[in-house]
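> Have a look at the structure that comes next, please.
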Amino acid sequence: MSPPAAESYLSDGRTLWSWLTTHDHKRIGVMFLVLTLFFFLVGGLFALALRIELLTPGRTIMGHLAYNRMFTLHGVTMVWLFMIPAIPSAFGNFLVPLMIGARDVAFPRLNLASVYLYVLGASVTLWGMFEGGADTGWTFYTPYSTTTGTAVLPVLVGVFIIGFSTIVTGLNFIATVHTLRAPGLTWMKLPLFVWAIYGTSIIQVLATPVLGMVLLLVALERVVGAGIFDPARGGDPLLFQHLFWFYSHPAVYIMVLPSMGVISEAVCAFSRKNAFSYRMIVYSTLGIAFVGFFTWGHHMFASGQSIFGSGAFGAMSMLVAIFTAIKIFSWLGTLYRGSIAIESPLIYTLGFMFFLFFGGMIGVAYSTTSLNLHWHDTYSVVAHFHFIMVGATVMAFLGALHYWFPKMFGRCFPAKLANSAAVLIIFGFITTFVPQFLLGNMGMPRRYADYPPHFQSLHVASTAGASLLAFGFLIIAAYLAWSLKYGAVAGDNPWGSDGFEWRSASPPPTHNFHVTPEYPTGPHEYAREEVPHAA
Amino acid sequence: MPPEAVTEHWGSEDARKQAAYLGMWVFIATEVLLFAGLFTAYGVYRSVYPEAFRAAQLTMEVGLGTLNTFLLVSSSILVALAVHAVRGNRPGLGGALLLAAALLGIVFLGVKGVEYSHHVREGGLPGDAYRFAEVPRVGASLFFTLYYLLTGLHALHVTVGVSVLTVLGVRSASGAFGPSYATPVELGGMYWHLVDVIWLFVYPILYLS
Amino acid sequence: MAEDAVEKPERQLGVAGVLVVGAVLLALTTLTYLLHKLPHGAWSLPVALLIAGAKGLLIALFYMHLREQRASNGLVLITSVVFVAVLLTVCVLETRTRFRPTIPPGPFPVEALPGAMEDPRSARPPEPAGPVNP
Amino acid sequence: MNELLRRLFFLPEQGSTFAVKVDHLHYFLLLTTLAVAVGIGTVGIVFLVRYHRRTASDATPRVVAPTWMEGLFIGVPLSLFLLWFVLGFQQFVWVMSPPQDALDVYVTGKQWMWKFTYPGGPSAIDTLVVPAGRPVRLLITSRDVIHSFYVPDFRMKRDAVPSRYTDLWFEAPKPGRHLVLCAEYCGLDHSQMRAEVVVLSPADFESWRDAQRRNLPVAALPGANTPETMAVRGERIATAQGCLQCHTVTGAPHIGPTWLGLYGRKEPLEGGGAVLADEAYLTESMMDPLAKVVAGYAPVMPGYHGRLSAEDSGALVEFIKSLRPLRPGVTAAEEPVYVPTGR
């Protein structure tokens, strides 16, 4: 593959060794992109197998044990090996230094270490899969996870190691944003994607250690019988849930905040407008990062948690929902009076907004506590978090992949094909997950290898949708791979975007900028003169 | 290869220092939250089993615990003096102070080992192995499990800290640091103080009240 | 924040300052121990934690150089401490306010601990509750 | 209207008083969501059509949200969310606070079945019989891992946590049958851990319970036709044949050795030697009990040769096999006596 620019980070050393020892944030970003895409494929294949098994009640292609292992591996792979690193580690690494006019992240060697920690953790997890894999679900609820005979330990250890990779990445971004902004680039001029990554990093560094401790305790319980969560010794399984969700609820925001950043960038770039309310998006990002820590108990309304606890967590969850609602209105407002280019990233953006809104509103419904008693642990929850994780985050991930593909590789992809694939993905998504909402309403619990026959028709619909999704992903993989080599040369700024990352060449040279850019205004200021809203 | 106009990695010396400090503080925050899970477990179980926790606590060796507290606080003072010495361009003295602090850390670990051996003899072991006849109540085994987890994790940090201090001490004694480049000593010192502060909280909840 | 100097050398402690702070730390440690020796009741834990907090604050401000550094660094520490406090407080409150039989250990008698099992291994489940590899 | 919306949203039958209440909130919330979603979609499409890019160099104005509009965007959803929260939390408090006069039933989940015990008897596997029009409080616990007692028709679930009780109450207004599912993942056969709530009219319920207390077989339950597993059937036979009058399933020795953990145990024999309690020995002991008597027990057990069919004895062996201790602490604890201590 010969990159179009004469001199770029891609051509600066072509050996494998030069990649494995690189400190260049862009190469590290690309490495993460490749790794996370690989695990997205793995997790996606698990998902497809699950959907095929659910075509019929009773056994379709696998037994209960295989099914239980498969949904655990699907969850573990998608959450820790794909979702959490996908946007921050891949796109964040690539773009944040470019967006703030820096040569690299603050600690390039640590950054490289985070790649290897991720690879090590992923390898241990994969080894666990070959050992037969855990059958606990990605939530590792005790006492099941401490008593089951499957290979839980390697998965725990693998996730524990990946946690360090996450922490290192987060630490790096916080230090980078604080200290390496180019002269004149003040906080309130930062691109919204940088804000999103910054908020995400705060969550990463503060929440992940708690997960590490919880996993350690479960591992100790399995190995030496530590007994902290063992009811037979007076321990409390609900305490495990508290500690686990103290990490895992904010982890949801680790997955979705960066995608909101992507959308904030894309919606400005493709409507050629400034953000409708920059400050609301910034404050709501920080709000989500902090208030997101105080809502974990809404996963426990049916667990025997006290009424007081449920009330407090329910109310806090409502506050978090507000921050998301604000963002959606701001994005819609950005489209107003813009010059909207119908390109694949914009199609993904529109899908994202709709799915995030719908999934988010169902989340609000759960926080009303009384409705949660019906929906908790049913397919409604499965559909809800897939709306957020797939409908929002994967859409944003695909949007980011298309928006920044020319930036990263200097090539264009076939636009018409990309648009059709985007529509197909959105359509497939709706067909897959809307039936799951209805299944949840009917009362179909999650993690069921087998189900009473009256649930079947909706399951069939969902599986049909999943195959559409899979087909859509195949198309995207095919044309993007093709474009890497044969795509038209993109030029420095094919979208005509005023995002700061486009101020360097595409693909950028190793040290990003030949001359440090100046930042008289914030990003995406397309208009020449100010027009009051009423105009 | 890069043209002249490209700025260096750190735009300024200030940025380098601030990145180092901020990175260290963020790291310290993750350490604090690492212990959070254990402190929470302690709080919950103490509130549920007050009598058992009290009874188990009365069997702890307050003398050794207090000795250890004094050891760590003194070593912290030594490290603070060492940072001052290095900043004041006396890296030799700084190195000696750091090594002395590391020595106190090793003594701390030794005292901890003595304490552990007493508990092992009495059967005050974590989890399944708990066989302590003096406090047979439900919940006491949780106290001992948490005792081992808290002090064990802390001891691990002390071990890391001792290694860091030793390396810094040797390098400082050989003149690697000075007023213009004291950052590693400052950061290593911050880590050691963190270890100290965590112990300051572990000490009262496990030994005193 | 950008105008804020990275270091404020005028706030660095001299040797005397380091020693004074150290003396206060040692004195507070002694105080904690002496209070423990006195007969004490429900207030002993809060008091001991308060003293520990004071010591921690002194160390953070002076020995860990927070006083000489930017406010953002202190903010990081405060945030982490607040989160620990929230986690701890909420978990304890939630446990205490549950339906009584849901609070551990529940109404079930838990096994008598010492000597209940001759072999500690017998306390482990005899076989995993889940299926072993097929 | 209620019926139409219920079907529109694929909700199951409303089997409890709570279901009716909560469904109304459900409709309110979902209809609002759908309306706003349609609104957002329409606005998005209108903008897309109205403002789509015409030339490569379209000029766009700089539009910034005025503060009042920001306030509106925060205020309106927030008040709506808080309204829902208040409505929902009222229902939640109501459904979490059992009335004083509720009928208590103990529910024990274990891998992978539900057991229901009424104070003073009887107990039943996988079928919960309750009277219509009277509040029933379930005290739910688990023998092994966390389960969740979920009745979609009642719109409620509660986790079964080992070594402690959670509570759940409901009132079924009219007789009927409702599916019970396990909603917390609990291992291999999680998806088949099903049971049934049978709501009887109060009179039917009383006569059923009387019959049960007089030890009639479980099959007498009006309309009970849930398929039994071998172990469940074994438990029924053990009750019917009086096995449980001498053998406990709790670990406590009685007139005969306990069945808990018996299977696979080496039992010392009266007169020396030992025997492995496998299928062969268990079956032999039913048919010819005095052949090998476990040390420390009197040879008083009657032979069941001819009184048990081959199927029945097989079911009994399966039942004994299913009684393996998971945790000494939990299994020693039998069905504990619950003392209502308030909350």
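The values are calculated or read from the model by the stated rules, or taken from the named source; none is laboratory data. Remember, predicted model here, so these are calculated numbers, not experimental data. FYI the Cβ positions are ideal-geometry reconstructions off the backbone, even for glycines, and counts take in every protein chain you see.
> Using beta carbons and a limit of 8 Å, which pairs, at least six apart or on different chains, have the first residue in the stretch A:137-152 and without any contact (Cβ under 8 Å) to a residue 40 or more places away in the chain and within 10 Å of chain C (Cβ to nearest Cβ) and the second one among the β-branched types (Val, Ile, Thr) and surrounded by fewer than 22 Cβ atoms within 10 Å (Cβ to Cβ)?
Correct list of pairs: A:GLY149/C:VAL132.
> Taking interchain pairs and intrachain pairs at least six residues apart, which have beta carbon atoms under 9 angstrom, with the first residue in the stretch A:359-388 and without any contact (Cβ under 8 Å) to a residue 24 or more places away in the chain and the second surrounded by fewer than 24 Cβ atoms within 10 Å (Cβ to Cβ) and charged (D, E, K, R)?
Listed by first residue and then by second, the contacts come to A:SER370/D:LYS21.
> Still on this structure: For the list (1) among the β-branched types (Val, Ile, Thr); (2) within 14 Å of chain A (Cβ to nearest Cβ); (3) assigned to a helix (DSSP H, G or I); (4) surrounded by fewer than 23 Cβ atoms within 10 Å (Cβ to Cβ), I need the number of the one condition that B:VAL138 fails.
Exception for B:VAL138: condition (3).
> So for the stretch A:522-529 (the condition being within 13 Å of chain D (Cβ to nearest Cβ), surrounded by fewer than 21 Cβ atoms within 10 Å (Cβ to Cβ), of a type outside the set (D, E, K, R) and under 24 Å from A:ASN93 (Cα atoms)), does at least one residue qualify?
Scanning the stretch A:522-529, I find at least one residue that is within 13 Å of chain D (Cβ to nearest Cβ), surrounded by fewer than 21 Cβ atoms within 10 Å (Cβ to Cβ), of a type outside the set (D, E, K, R) and under 24 Å from A:ASN93 (Cα atoms), so the answer is yes.
> Among the residues of the stretch D:27-40, is any within 15 Å of A:TYR336 (Cα to Cα), at pLDDT below 95 and hydroxyl-bearing (Ser, Thr, Tyr)?
no
> Would the stretch A:347-355 turn up any residue that is more than 10 Å from chain D (Cβ to nearest Cβ), touching a Ser or Thr at 6+ places or on another chain (Cβ under 8 Å) and closer than 21 Å to A:ILE87 by Cα?
yes
Listed here are the residues, each with its yes/no results for (1) more than 13 Å from chain D (Cβ to nearest Cβ); (2) small (Gly, Ala, Ser); (3) buried (at least 22 other Cβ atoms within 10 Å of the Cβ).
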position: A:LEU439; (1), (2), (3): no, no, yes
position: A:PRO445; (1), (2), (3): no, no, yes
position: A:GLN456; (1), (2), (3): yes, no, no
position: A:ILE475; (1), (2), (3): yes, no, no
position: A:ALA488; (1), (2), (3): yes, yes, no
position: A:TRP502; (1), (2), (3): yes, no, yes
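> Which of the residues that make up the stretch A:174-213 are at the interface with another protein chain (Cβ under 10 Å from one of its Cβ atoms) and either closer than 16 Å to A:ALA86 by Cα or of a type in the set (Ser, Thr, Tyr) (or both)?
Across the stretch A:174-213, the qualifying residues are A:THR176, A:THR179, A:THR186, A:SER201, A:GLN204, A:THR208.
> When you scan the stretch C:15-25, do you find a residue that is under 12 Å from B:LEU208 (Cβ atoms), modelled with pLDDT of 85 or more, surrounded by fewer than 17 Cβ atoms within 10 Å (Cβ to Cβ) and more than 9 Å from chain B (Cβ to nearest Cβ), even just one?
No: the stretch C:15-25 contains no residue that is under 12 Å from B:LEU208 (Cβ atoms), modelled with pLDDT of 85 or more, surrounded by fewer than 17 Cβ atoms within 10 Å (Cβ to Cβ) and more than 9 Å from chain B (Cβ to nearest Cβ).
> Exactly one condition in (1) among the aromatic types (Phe, Trp, Tyr); (2) at the interface with chain D (Cβ under 9 Å from one of its Cβ atoms); (3) without any contact (Cβ under 8 Å) to a residue 40 or more places away in the chain; (4) under 30 Å from D:TYR185 (Cα atoms) is not met by A:PHE301; state its number.
Among (1) among the aromatic types (Phe, Trp, Tyr); (2) at the interface with chain D (Cβ under 9 Å from one of its Cβ atoms); (3) without any contact (Cβ under 8 Å) to a residue 40 or more places away in the chain; (4) under 30 Å from D:TYR185 (Cα atoms), the lone unmet condition for A:PHE301 is (3).
> Among A:VAL105, A:VAL42, A:VAL96, which is the only one that is of a type in the set (A, V, I, L, M), crowded, with 24+ Cβ neighbours inside 10 Å and part of a helix (DSSP H, G or I)?
When all the criteria are applied, what remains is A:VAL96.
> What are the residue pairs meeting all of these: first residue in the stretch B:193-209, first residue within 7 Å of another protein chain (Cβ to nearest Cβ), second residue outside any helix (DSSP H, G or I), Cβ atoms under 8 Å, and 6 or more apart or on different chains?
Short answer, once both residue conditions are applied: B:HIS193/C:MET64; B:SER209/C:HIS40.
> When you scan the stretch A:21-36, how many residues do you find that are touching a Leu at 6+ places or on another chain (Cβ under 9 Å) and surrounded by fewer than 20 Cβ atoms within 10 Å (Cβ to Cβ)?
Final tally of qualifying residues: 2.
> Another question, then. Which numbered condition trips up D:GLY15, out of (1) crowded, with 18+ Cβ neighbours inside 10 Å; (2) under 25 Å from A:PHE270 (Cα atoms)?
Every listed condition holds for D:GLY15 apart from (2).
> Which residue is farthest from the other protein chains (Cβ to nearest Cβ), if the candidates are limited to the stretch D:279-321 and must be modelled with pLDDT under 75 and assigned to a helix (DSSP H, G or I)?
This residue is D:ALA310.
> Contact list please: Cβ distance under 8 Å, first residue in the stretch A:15-34 and in a helix (DSSP H, G or I), second residue crowded, with 23+ Cβ neighbours inside 10 Å and β-branched (Val, Ile, Thr), pairs at least six apart or on different chains.
Hits for this filter: A:HIS25/A:VAL96; A:HIS25/A:VAL105; A:ILE28/A:VAL115; A:MET31/A:VAL115; A:PHE32/A:VAL115.
> Of the conditions (1) aliphatic (A, V, I, L, M); (2) surrounded by 19 or more Cβ atoms within 10 Å (Cβ to Cβ); (3) under 18 Å from B:VAL111 (Cα atoms), B:LEU156 satisfies every one except a single condition; which number is it?
(2)
> With the structure loaded, tell me whether B:LEU200 is buried (at least 20 other Cβ atoms within 10 Å of the Cβ) and under 23 Å from B:LYS17 (Cα atoms) or whether it fails that test.
Criteria not met by B:LEU200.
Residue-wise test of (1) touching a residue at least 12 places away in the same chain (Cβ under 8 Å); (2) farther than 15 Å from B:ALA55 by Cβ.
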{"residue": "B:GLY110", "(1), (2)": "no, yes"}
{"residue": "B:VAL114", "(1), (2)": "yes, yes"}
{"residue": "B:ARG121", "(1), (2)": "no, yes"}
{"residue": "B:GLU134", "(1), (2)": "yes, no"}
{"residue": "B:LEU142", "(1), (2)": "yes, no"}
{"residue": "B:TYR147", "(1), (2)": "yes, no"}
{"residue": "B:LEU150", "(1), (2)": "yes, yes"}
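> Take the residues of the stretch B:106-135 that are basic (Lys, Arg) and more than 23 Å from the chain's Cα centre (by Cα): which is nearest to the other protein chains (Cβ to nearest Cβ)?
B:ARG131
> Scan the stretch D:90-144 residue by residue and report those that are under 21 Å from D:ALA183 (Cα atoms) and of a type in the set (Phe, Trp, Tyr).
Answer for the stretch D:90-144, where residues must be under 21 Å from D:ALA183 (Cα atoms) and of a type in the set (Phe, Trp, Tyr): D:PHE92, D:TYR106, D:TRP112, D:TRP114, D:PHE116.
> Continuing with the same structure: Can you work out which of the residues in the stretch C:48-76 that are more than 24 Å from C:LEU35 (Cβ to Cβ), in contact with a helix residue (DSSP H, G or I) (Cβ under 6 Å, 6 or more places away or on another chain) and of a type in the set (A, V, I, L, M) is surrounded by the fewest Cβ atoms within 10 Å (Cβ to Cβ)?
Among those that are more than 24 Å from C:LEU35 (Cβ to Cβ), in contact with a helix residue (DSSP H, G or I) (Cβ under 6 Å, 6 or more places away or on another chain) and of a type in the set (A, V, I, L, M), it is C:LEU66.
> Criterion first (more than 13 Å from chain A (Cβ to nearest Cβ) and touching a residue at least 60 places away in the same chain (Cβ under 8 Å)) does B:PHE177 satisfy it?
In short, yes.
> Every residue in the stretch A:122-139 that is surrounded by fewer than 23 Cβ atoms within 10 Å (Cβ to Cβ) and on the phi < 0 side of the Ramachandran plot, please.
Hits for the stretch A:122-139 are A:SER123, A:VAL124, A:LEU126, A:TRP127, A:MET129, A:PHE130, A:GLU131, A:TRP138, A:THR139.
Condition check ((1) assigned to a helix (DSSP H, G or I); (2) crowded, with 17+ Cβ neighbours inside 10 Å; (3) within 42 Å of the chain's Cα centre (by Cα); (4) not aromatic (Phe, Trp, Tyr)) across all residues:
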site	(1), (2), (3), (4)
D:LYS21	yes, yes, yes, yes
D:HIS26	yes, yes, yes, yes
D:VAL36	yes, yes, yes, yes
D:GLY39	yes, no, yes, yes
D:THR42	yes, no, no, yes
D:VAL49	yes, no, no, yes
D:SER57	no, no, no, yes
D:THR60	no, yes, no, yes
